[in-house]
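The next block holds one structure in the form of structure tokens; read it before the comments.
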Amino acid sequence: MNFGHALIALNEGHKVARQGWYDSGMWVVKVEGSTFASDFKYRPGTAYAKHVSLPAVIKPHLDMRCADGAMLCGWVPSQDEMFSDDWSVVTP
């Protein structure tokens, strides 16, 4: 499927991946937005604790699971990824 169809699947709550990613365990997921209340306590020393005032609103965004298992927060597709037709829904 193309990236437009992948976006529809992401909005429906599915994980998606490109053909070459699946064997590496890589995928992309939409993360719904959230709000941290004014009494939320960030872990001391983090960038959020130093630079973000509360309440903080996190907008919906895409995150990617990398091949090493780490999550890349705020993933942005490249032009190559947006024009590829090898996207598919990742089944659990």
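The values are calculated or read from the model by the stated rules, or taken from the named source; none is laboratory data. Worth saying up front: this structure is predicted, and the values here are computed from it rather than measured. We place every Cβ from the backbone using ideal geometry, glycine too, and count neighbours over all the protein chains shown.
Listed residues V31, V16; which is aliphatic (A, V, I, L, M), in contact (Cβ under 8 Å) with a residue 24 or more places away in the chain, surrounded by 14 or more Cβ atoms within 10 Å (Cβ to Cβ) and in contact with a helix residue (DSSP H, G or I) (Cβ under 8 Å, 6 or more places away or on another chain)?
Values: V31 fails: in contact with a helix residue (DSSP H, G or I) (Cβ under 8 Å, 6 or more places away or on another chain).
Of V31, V16, the one residue that is aliphatic (A, V, I, L, M), in contact (Cβ under 8 Å) with a residue 24 or more places away in the chain, surrounded by 14 or more Cβ atoms within 10 Å (Cβ to Cβ) and in contact with a helix residue (DSSP H, G or I) (Cβ under 8 Å, 6 or more places away or on another chain) is V16.
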Q. If S78 satisfies every condition in (1) at pLDDT below 95; (2) exposed (fewer than 10 other Cβ atoms within 10 Å of the Cβ); (3) of a type in the set (S, T, N, Q) but one, which is the exception?
A. (1)
Q) So, of the residues in the stretch 41-69 that are basic (K, R) and surrounded by fewer than 11 Cβ atoms within 10 Å (Cβ to Cβ), which turns out to be modelled with the lowest pLDDT? A) K50
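When the stretch 57-84 is examined, which residues are found to be β-branched (V, I, T) and touching a Ser or Thr at 6+ places or on another chain (Cβ under 7 Å)?
The first filter runs over the stretch 57-84 and keeps only residues β-branched (V, I, T), leaving 57-58, 76.
Those that are β-branched (V, I, T) and touching a Ser or Thr at 6+ places or on another chain (Cβ under 7 Å): V57, I58.
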